[in-house]
Amino acid sequence: MAIKTLLFTGGEIHDWKGCGAEIEKILRADSAFDITRVNEDLTVLESGLDPYELIVFYYTVGEISTAQKNGLLEWLARGKGYVGIHSAADSFRGCPEYQAMVGGYFITHPAYRQYQVSVTDPEHPITKGLDEFVVEDEQYITDYDPRVHVVASALWKGGAMPVAWTKSWGQGRVFYLALGHDAKACRHEVFASMLQRGALWAGTPAS
């Protein structure tokens, strides 16, 4: 059966409409997902997640209420899946529990540019068979939990900065992908591949 998936988009700064359309297209191209899309209405986090096994989240800044935070985190901990894309690491800046769940948070970014991404775990199901690739995107620099499992990274000031990681939250699975600043970046073929694989990984309960 297809994974019942909530695609949630909204927030400030980023083109969530354009990016959301590309993300929805990518997910709908894979029959593994049964997609419902909600825009902007954060109340769904409070009481509307029960029908879903996976949430794919593209949002920036904003404020999350205690009930919404608890709804999301408790739902995920029961063995569900969360995929955060790009600015998901810059949502709800005043909520450390949300940041802990994602595994890191946005600090800064260099100018939108071309840069190379390296696969750091070639055996993980999200990155298996992928090699180094070049993107034109906004590189997110994050303060991240060293316990996350980094599966792809890119250089920044001579050091490796995560581009994608996985982690757990209770019995739930989290995948964060820092790529996807705009619709053009979301059309990159490796972005699509990692998104589909990451959503499948996160939406499949750990055995």
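The values are calculated or read from the model by the stated rules, or taken from the named source; none is laboratory data. Because the structure is predicted, anything quoted here is derived from the model rather than measured. We place every Cβ from the backbone using ideal geometry, glycine too, and count neighbours over all the protein chains shown. We work out accessible area using only protein heavy atoms, side chains counted, and drop any ligands, DNA or RNA first. Shrake-Rupley method; radii C 1.70, N 1.55, O 1.52, S 1.80 Å.
Quick notes
- Residues that are open to solvent by 30 Å² or more (accessible area, probe 1.4 Å), within 22 Å of residue 202 (Cα to Cα) and either among the basic types (Lys, Arg) or in a loop (DSSP other than H, G, I, E, B) (or both), drawn from segment 92-120: 120
- Meets criteria (over 13 Å from residue 23 (Cα atoms) and either among the charged types (D, E, K, R) or part of a helix (DSSP H, G or I) (or both)) for residue 195: no
- Filtered by the rule that a residue be β-branched (Val, Ile, Thr) and without any contact (Cβ under 8 Å) to a residue 24 or more places away in the chain, segment 19-75 gives a lone residue, 66.
- Selection within segment 10-42: residues that are assigned to a helix (DSSP H, G or I) and open to solvent by 70 Å² or more (accessible area, probe 1.4 Å). The member of this set that is nearest to residue 187 (Cα to Cα) is 25.
- Filtered residue count, segment 127-173, keeping only those that are under 19 Å from residue 90 (Cα atoms), open to solvent by 10 Å² or more (accessible area, probe 1.4 Å), without any contact (Cβ under 8 Å) to a residue 40 or more places away in the chain and among the aliphatic types (A, V, I, L, M): 2
- Test: residue in segment 189-201 that is at pLDDT 95 or above, more than 22 Å from residue 79 (Cα to Cα) and in contact with a Cys (Cβ under 7 Å, 6 or more places away or on another chain): no
- Every test in (1) open to solvent by less than 20 Å² (accessible area, probe 1.4 Å); (2) part of a strand (DSSP E or B) is passed by residue 4 save one, and that test is (1).
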